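> The structure follows.
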Amino acid sequence: MSLLDITYMCELAAHDSEIEKLNAEAFGPARYTRAAYFIRQGGPHDLSLSFVALAGKSLIGSLRMTPIAIGSSRALLLGPIVVCPDCKNTGVGSKLIKTALDSAKKAGHQLIILIGDEPYYRRFGFKKTLSHKILMPAPVNPQRLLAYEVTENALQGAVGLVRHVNCVK
């Protein structure tokens, strides 16, 4: 398989079962106990900002973006991102991330957060949020809470509990 043989497109509802299989294989049942899962349970992800990678008709990767509120600020939660085991280290994940970040910027979003490894996500512009007062709905290693400021200083106003936008009253 060549990277030229891969198609990237917005996720469709029809991809759900294949994405769930990839997530189950990659993250196992522990994924249901994580802070990001609790946030995502509040409502749907944004299909226009969520992407899949297809090799022919086979789904080999997925990245989802979920609309969130951090206190009174709006942002996006990136993840989960998953690539099938046979396609890891081929650039599929990087392409999904770049596509999603570009699309979020074009759509006018100002801030994206995720829970992940800073050494990996740094190359896309993510940085640690240690000095900020972002509260997750379950314990998260503060070293792994990362932010990408689409708009300079967007992180400054992000103070408070992170929840799905559907859960904001």
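> Go through (1) touching a helix residue (DSSP H, G or I) at 6+ places or on another chain (Cβ under 9 Å); (2) within 14 Å of Tyr120 (Cα to Cα); (3) not in a strand (DSSP E or B) one by one and return the number of the condition Ser103 breaks.
(2)
> So is Leu54 touching a strand residue (DSSP E or B) at 6+ places or on another chain (Cβ under 7 Å) and farther than 15 Å from Asn23 by Cβ or not?
Criteria met by Leu54.
> Let me ask something else about it. Residue check, Gly56 against (1) modelled with pLDDT of 95 or more; (2) over 21 Å from Ala138 (Cα atoms), all met but one. Which one?
Just one mismatch for Gly56, condition (1).
> All but one of (1) open to solvent by less than 60 Å² (accessible area, probe 1.4 Å); (2) over 13 Å from Ile70 (Cβ atoms); (3) at pLDDT 95 or above hold for Arg123; state the number of the condition that does not hold.
All conditions are met except number (1).
> Being in contact with an Asp or Glu (Cβ under 9 Å, 6 or more places away or on another chain) and either in a strand (DSSP E or B) or closer than 15 Å to Gly61 by Cβ (or both) is true for just one of Leu155, Leu146. Which residue is that?
Leu146
> So if I check each of Leu130, Leu161, which one is assigned to a loop (DSSP other than H, G, I, E, B), open to solvent by 20 Å² or more (accessible area, probe 1.4 Å) and either at positive phi or not aromatic (Phe, Trp, Tyr) (or both)?
Leu130
> Restricting to the stretch 39-53, give me the number of residues that are closer than 19 Å to Val83 by Cβ and either in contact with a Phe, Trp or Tyr (Cβ under 8 Å, 6 or more places away or on another chain) or buried (at least 21 other Cβ atoms within 10 Å of the Cβ) (or both).
Qualifying residue count, the stretch 39-53: 5.
> Then there is this: Are any of the residues in the stretch 136-145 open to solvent by 40 Å² or more (accessible area, probe 1.4 Å), free of Cβ contacts under 8 Å to residues at least 40 places away in the same chain and touching a helix residue (DSSP H, G or I) at 6+ places or on another chain (Cβ under 9 Å)?
yes
> Okay, next question. Return the total of residues in the stretch 65-88 being touching a strand residue (DSSP E or B) at 6+ places or on another chain (Cβ under 9 Å), open to solvent by 40 Å² or more (accessible area, probe 1.4 Å) and without any contact (Cβ under 8 Å) to a residue 60 or more places away in the chain.
1
> Looking at Ala36 and the list (1) open to solvent by less than 20 Å² (accessible area, probe 1.4 Å); (2) of a type in the set (A, V, I, L, M); (3) not in a helix (DSSP H, G or I), which single condition is not satisfied?
Of the numbered conditions (1) open to solvent by less than 20 Å² (accessible area, probe 1.4 Å); (2) of a type in the set (A, V, I, L, M); (3) not in a helix (DSSP H, G or I), the odd one out for Ala36 is (3).
> Name the one entry in Ser62, Ser94 that is without any contact (Cβ under 8 Å) to a residue 60 or more places away in the chain, over 26 Å from Leu161 (Cβ atoms) and surrounded by 20 or more Cβ atoms within 10 Å (Cβ to Cβ).
Ser62
The values are calculated or read from the model by the stated rules, or taken from the named source; none is laboratory data. These numbers were taken from a predicted model, which means no experiment stands behind them. We place every Cβ from the backbone using ideal geometry, glycine too, and count neighbours over all the protein chains shown. Quick note on the areas: whole protein, heavy atoms, side chains included, nothing else; ligands and nucleic acids left out. Shrake-Rupley method; radii C 1.70, N 1.55, O 1.52, S 1.80 Å.
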